[in-house]
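Participant: Sharing a structure, written as structure tokens. Questions coming.
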Amino acid sequence: MTPARILLVDDEPSLLLTVGDLLKLEGYDVTTAQTGEDAILAMRRQTPDLIILDISMPGMTGLALLKKLSGPDGKPHYPILIFSARANMEAFFKTTAVEGFLAKTSDPTQLLAEVKRILLKTRKDARTEPQAGSKSRRMVLILEDDPTLNMRMKTSFTIAGYETLTITDGHALAQTLQSHSPSVILLKSLLSGTTGNAIAESLADYTTARGISIILYDASGIHKPGDKFINVTRFIPSNNPADLLKATTALLS
């Protein structure tokens with residue numbers, strides 16, 4: 001079984017080192033971040049199975065990051081264990097949708113037991129819950145050749161709870177589909193050396209692409225919403241991440 005991925009977020013370097021090593025010795029795949037901003041960057045590269053989060057950090061606090069990673073209903077898109085020196089906050093977090101709270105004064109065995117409990121629960125939920133209506137288990141593949149926009153889109157979709165893959169080259173799409181099964185592919189219309197609609201048409205012949213919804217997007221104004229495209233589920237005349245996120249959510253709901 002693939003080791004569970006844990007993102008440990010705390011502004012204390014010594015704690016990141018000691019707790020990180022403790023978790024690694026238990027066989028977990030551990031990534032560390034000293035700030036909320038660093039945590040978001042880490043999530044662009046890899047979706048965590050559990051976030052262990054301190055709430056008192058400079059800059060973006062743990063509470064601010066928790067809010068950013070939660071939906072309108074206040075439910076986090078990821079399993080989160082609050083790990084804080086402020087033991088008096090436990091009652092407050094019992095009223096939230098986080099998976100657990102643990103004081104930093106706790107014995108290391110308590111931390112390992114709580115991590116194991118949460119991962120067993122959330123992984124069981126992932127196996128038993130239906131895929132429909134669960135964005136956190138929906139994968140989106142984005143083909144965008146502008147690096148800045150590519151990063152913005154990945155950040156927006158990841159924070160919204162989607163498992164997000166991004167590529168910048170159309171030639172990598174077929175290979176990516178050999179190892180991943182996205183629910184939606186977002187294709188930029190105007191690409192270097194080809195077009196998104198040409199790629200969409202060619203995907204009709206790929207067994208690995210069957211059943212995948214394709215959203216073609218274009219902000220150039222060349223295409224109009226009424227234009228017809230082969231093997232395209234929906235056309236969006238925008239490259240704004242918020243517009244594409246809204247369209248994807250509507251498509252999968």
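The values are calculated or read from the model by the stated rules, or taken from the named source; none is laboratory data. Bear in mind the structure is a predicted one, so any value in this text is a computation, not a measurement. Heads up, the Cβs are rebuilt from the backbone with ideal geometry, glycines too, and the neighbour counts pull from every protein chain shown.
Participant: Applying the selection to segment 90-102, what residues are in contact (Cβ under 8 Å) with a residue 12 or more places away in the chain and in contact with a strand residue (DSSP E or B) (Cβ under 7 Å, 6 or more places away or on another chain)?
Facilitator: E90, A97, V98, E99, G100, F101, L102, listed by residue number.
Participant: Sticking with this one: Are any residues in segment 33-59 under 20 Å from F101 (Cβ atoms) and either crowded, with 16+ Cβ neighbours inside 10 Å or under 16 Å from the mean Cα position of the chain (by Cα) (or both), and if so, which ones? Write out each step before concluding.
Facilitator: If we filter segment 33-59 for residues that are under 20 Å from F101 (Cβ atoms), which is where we start, we get 33, 36, 39, 48-57.
Residues satisfying the conditions are A33, G36, A39, P48, D49, L50, I51, I52, L53, D54, I55, M57.
Participant: Can you find, within segment 190-218, the residue that is surrounded by the fewest Cβ atoms within 10 Å (Cβ to Cβ) among those that are in contact (Cβ under 8 Å) with a residue 40 or more places away in the chain and within 14 Å of I230 (Cβ to Cβ)?
Facilitator: Ranking the candidates gives I199 first.
Participant: Which residue out of P76, P72, P108 is at pLDDT 85 or above and either assigned by TED's automatic domain parsing to the domain that holds T18 or buried (at least 19 other Cβ atoms within 10 Å of the Cβ) (or both)?
Facilitator: Just a single option satisfies the conditions, and that option is P108.
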